[in-house]
Amino acid sequence: MTYSLQDLEVARRRVIKDRQMICAQQSLIDGMRARGEPSGLASERLVKLTEDLRSHCFHQDLIQASIRLER
């Protein structure tokens, strides 16, 4: 598949958004724990967000490598 610089920019924005969501989720979990609330579901969501970030980072790297090879 041929990727463009626009594809790379979309992938970068996705990674940035993932990182923001992970930070927000971690803050939510910290607050829940500080209040003594159960945080199991929130922690499971954090795991999913982390898995998504890894996948999106891999995709970003793939796009970047593909663009480099085409030059």
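With θ taken as phi - 60° and the Karplus curve 6.51 cos²θ - 1.76 cosθ + 1.60 applied, the whole-hertz 3J(HN,Hα) list for the stretch 16-22 is 4, 4, 4, 4, 5, 5, 5 Hz, x standing for glycine and proline.
With every protein chain present, what is the per residue accessible area of the chain (1.4 Å probe, Å²)?
Normalised by residue count, the accessible surface of the chain is 74 Å².
Taking the C-alpha atoms only, the angle from helix 40-70 to the longest principal axis of the chain is near 10 degrees. Relative to the current alpha-carbon distance between Asp30 and Ser4, full extension at 0.36 nm per residue lengthens the span by 5.4 nm.
How much length would be gained if the chain were fully extended between Lys17 and Arg68, taking 0.36 nm per residue of separation minus their Cα-Cα distance, in nm to one decimal? Length gained, Lys17 through Arg68: 15.9 nm. The accessible surface of the chain, taken with every protein chain in place and a 1.4 Å probe, is 56 percent carbon and sulfur.
The values are calculated or read from the model by the stated rules, or taken from the named source; none is laboratory data. Note that the structure is predicted; figures quoted are calculated from it, not measured. The accessibility values were calculated without ligands, DNA or RNA, using every heavy atom of the protein model including side chains. Shrake-Rupley method; radii C 1.70, N 1.55, O 1.52, S 1.80 Å.
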